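Step one of this worksheet: look at the structure below.
The values are calculated or read from the model by the stated rules, or taken from the named source; none is laboratory data. These numbers were taken from a predicted model, which means no experiment stands behind them. A quick note on method: Cβ atoms are made from the backbone with ideal geometry, for glycine too, and the neighbour counts reach across all protein chains shown.
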Amino acid sequence: MKERLIFFIGVVVAVTIVLLAAGCSATSNVAANRSGAQLWGENCVRCHNAPTPATLSDWEWEVAVSHMRLRANLTELESEKIVEFLKSVN
């Protein structure tokens, strides 16, 4: 009985890991298809008015996006694209 329970828990953990990995790659694919401008517009305005890109310097945008990456649950790719966009129009 104990071995069956351990086996069942192992299967559940393995399936969970596979599903999480699949979800992460699907999210990455969505981000890969969006421009930095789209990601900025979709993510930043969810919680507050997005300032104009000229509001901050390139360095300040790097710091701000790095901070907001955690709060907005952005991937590394998404935050890089957003910073790239903001620097290009700053």
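What number of residues within the range 63-76 are part of a helix (DSSP H, G or I), under 8 Å from the mean Cα position of the chain (by Cα) and surrounded by 15 or more Cβ atoms within 10 Å (Cβ to Cβ)?
Final tally of qualifying residues: 2.
Within the range 44-62, track down each residue that is free of Cβ contacts under 8 Å to residues at least 12 places away in the same chain, outside any loop (DSSP other than H, G, I, E, B) and either under 18 Å from E80 (Cβ atoms) or not assigned by TED's automatic domain parsing to the domain that holds I82 (or both).
If the condition is that a residue be free of Cβ contacts under 8 Å to residues at least 12 places away in the same chain, outside any loop (DSSP other than H, G, I, E, B) and either under 18 Å from E80 (Cβ atoms) or not assigned by TED's automatic domain parsing to the domain that holds I82 (or both), then W59, E60 are the ones that fit.
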